[in-house]
Amino acid sequence: MGKVYKVGIIGCGGISHMHTNWYRAEPRTEVTVISDINADLLQAYGEQYGIEKSYTDYIEMLETEDLDIVSVCTRPKFHAPLVIESAKRGVRGILSEKPMAENLGQAREMVDVSQEHNVKLAIDHQLRFNSPYVVAKELIENGEIGEIFRVHAVCSGGDLKDNATHTVDLMRYILGDLPVEWVVGQIDRVGSETQYDLHSESFGLGYFKFENNIRGLIESGNDTAPGYHHIFCYGTDGEIELAVPGGPAIRMRTKGTSGDWITPDLPPEISPVQDMVAAIDEDRQHRSSGYQGLATLELLMAIYQSSRKRQRVHLPLEEPESPLTLMIEDGWV
């Protein structure tokens, strides 16, 4: 076995338990220290997982402890500053929660600082590691449904930045992270919704033109068609359906199946932590790297910008601020 990487976790709320269990399941990582501004929560978390070292000041933790990997599990508005400060202090990998940041300006700085300090930054779009989506990507790459021309995705419940960030990221992933040329979007906001301290919306609709003329449609919110990360992939010779409501995690039908639905076999899964260890060892990008997180956040921001400007938005998106925040500051409810 190679080097065991020492891990620090910042933020001991609900999502951090998932991170901790990933590290505990990986023989080459050990959570040695935790940090949270809530001392009572910090003590309870340490007792639950047998972690003796803790800090209420994450900067003190970073400057005192010799850490290889840091997990950022705080509320979204803290992701950017915590990632940036961690990257400056000698760690080799950072796994940060989604959404990546409040806006593209922050996300680009996260990527730039991580690159400058040779840190493997990953954003926790962990569904990239779920077998059904991995298999769908492979089937499409192998031409099992012919030439793919459209992807339609549904994320019922939640907003674009909270839940549908996974759905949009999966659309990109199963298409091999193809670049997007332009976005047309519309959102609806009833009242003054917020989600995890960020401005939110009630309903969102985005239409994308991917490279090679593939078209994508995402609908999210509380008034969508049924489905959660429910994705249809349409090709010239068949289709793949993922997260079928009340049905299988993946199914496919093609000319070769005479139009009958079949369910492909699913391989074992790895975790984002396992890929982080491999990315550091092999000096390569993580499957859910900061670059991919940035590209996904750009699509979400482009939906807002299209709604704000009432026109199609061509990428790259130049606006560094959140267009949703700008709309609200301009007087939209």
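Report, to the nearest 10°, how far helix 16-25 tilts away from the longest principal axis of the Cα atoms in the chain, using its own Cα long axis and a range of 0 to 90°.
Computed tilt is about 80 degrees.
Considering only protein heavy atoms and a 1.4 Å probe, what is the carbon-and-sulfur percentage of the accessible area of the stretch 1-157?
Roughly 44 percent of what the probe reaches on the stretch 1-157 is carbon or sulfur.
Along Cα→Cβ, 7 Å out, is where each label goes; now give me the distance between the ones at residue 57 and residue 285 in nm to one decimal.
Here the answer is 3.7 nm between the modelled labels.
Given springs between every Cα pair under 10 Å in a Gaussian network model of the chain, which of 311, 274, 285 has the largest fluctuation?
Most flexible of the set in this elastic network: 311.
Let me check against my output: what whole-number percent is the relative contact order of the stretch 1-129, with C-alpha pairs under 8 Å and at least 6 apart?
21 percent
For the chain, what is the accessible area per residue in Å², given a 1.4 Å probe and the full set of protein chains?
Computed with neighbouring chains in place, this is 43 Å² per residue.
Contact order normalised by length for the chain, with contacts defined as Cα pairs under 8 Å and 6 or more residues apart; what percent is it?
18 percent
Return the lysines within reach of residue 209: Cα separation strictly under 19 angstrom, same-chain partners fewer than 8 residues apart disregarded; answer none if there are no such residues.
137, 309
Taking the stretch 34-112, which GluC sites (Glu not before Pro) meet the DSSP loop condition and have no more than 12 other C-beta atoms within 10 Å?
52
Given +1 on the Cβ of Lys and Arg, -1 on the Cβ of Asp and Glu, and no further charges, what dipole in debye does the chain carry about its Cα centre, rounded to the nearest 20?
Value, rounded to 20: 620 debye.
Which whole-angstrom value gives the distance between the alpha carbon centres of the stretch 88-108 and the stretch 230-261?
Distance between centres, Cα-based: 35 Å.
With no solvent and one equal point scatterer per Cα, compute the Debye intensity ratio I(q)/I(0) for the stretch 255-320 at 0.13, 0.17, 0.24 Å⁻¹ and report its log10, rounded to two decimals.
Evaluating at q = 0.13, 0.17, 0.24 Å⁻¹ gives log10 I(q)/I(0) of -0.70, -0.78, -0.95.
Among 206, 50, 185, which one moves the most in a GNM of the chain with springs linking Cα atoms closer than 10 Å?
Comparing 206, 50, 185 in the GNM, the peak value goes to 50.
Once both labels are modelled 7 Å past Cα along the beta-carbon direction, what's the residue 188-residue 18 spacing in nm?
Here the answer is 2.8 nm between the modelled labels.
Can you pull the one-decimal nm distance between simple spin-label points at residue 265 and residue 197, each 7 Å off the Cα toward Cβ?
In this crude spin-label approximation the distance works out to 4.8 nm.
Which lysines does residue 88 reach when only Cα atoms under 27 Å apart count, and residues fewer than 8 places away in its own chain are ignored?
Answer for residue 88, where 27 Å is the Cα cut-off: 3, 6, 53, 77, 98, 120, 161, listed by chain and number.
With springs only between Cα atoms under 10 Å apart, run a GNM on the chain and tell me which of 37, 231, 214 wobbles the most.
In the Gaussian network model the winner is 37.
Once you mark the chymotrypsin sites (Phe, Trp or Tyr not before Pro) that are in a DSSP loop and have at most 16 other Cβ atoms within 10 Å, what is the longest gap between them in the chain?
It runs 1-195.
Sort the chain into rounded, prolate or oblate with this rule: let a ≥ b ≥ c be the square roots of the eigenvalues of the Cα gyration tensor; rounded if a/c is under 1.5, and if a/c is not under 1.5, prolate when a/b is larger than b/c, oblate otherwise.
oblate
Rounding to the nearest 10 and keeping the result within 0 to 90°, find how far the Cα-based axis of helix 104-116 lies from the longest principal axis of the chain.
Once rounded, the angle reads 60 degrees.
Test of understanding: what is the full-extension gain from residue 150 to residue 217, defined as 0.36 nm times their sequence separation minus their Cα-Cα distance?
The residue 150-residue 217 span can extend by a further 23.3 nm.
Label point 7 Å out from residue 89 along Cα-to-Cβ: which residues of the stretch 18-58 have amide N under 13 Å?
The answer is 33-37, 54-58, whose backbone nitrogens lie closer than 13 Å to the label point.
If I fit a long axis through the Cα atoms of helix 164-174 and take the longest principal axis of the Cα atoms of the chain, what angle between them do I get, 0 to 90°, rounded to 10?
Roughly 70 degrees between the two axes.
Restricting attention to the stretch 175-265, which GluC sites (Glu not before Pro) occupy a DSSP loop and are surrounded by at most 15 other Cβ atoms within 10 Å?
193
The values are calculated or read from the model by the stated rules, or taken from the named source; none is laboratory data. These numbers come from a predicted model, not from an experiment. Heads up, the Cβs are rebuilt from the backbone with ideal geometry, glycines too, and the neighbour counts pull from every protein chain shown. Note: areas computed on protein heavy atoms with side chains; ligands, DNA, RNA excluded. Shrake-Rupley method; radii C 1.70, N 1.55, O 1.52, S 1.80 Å.
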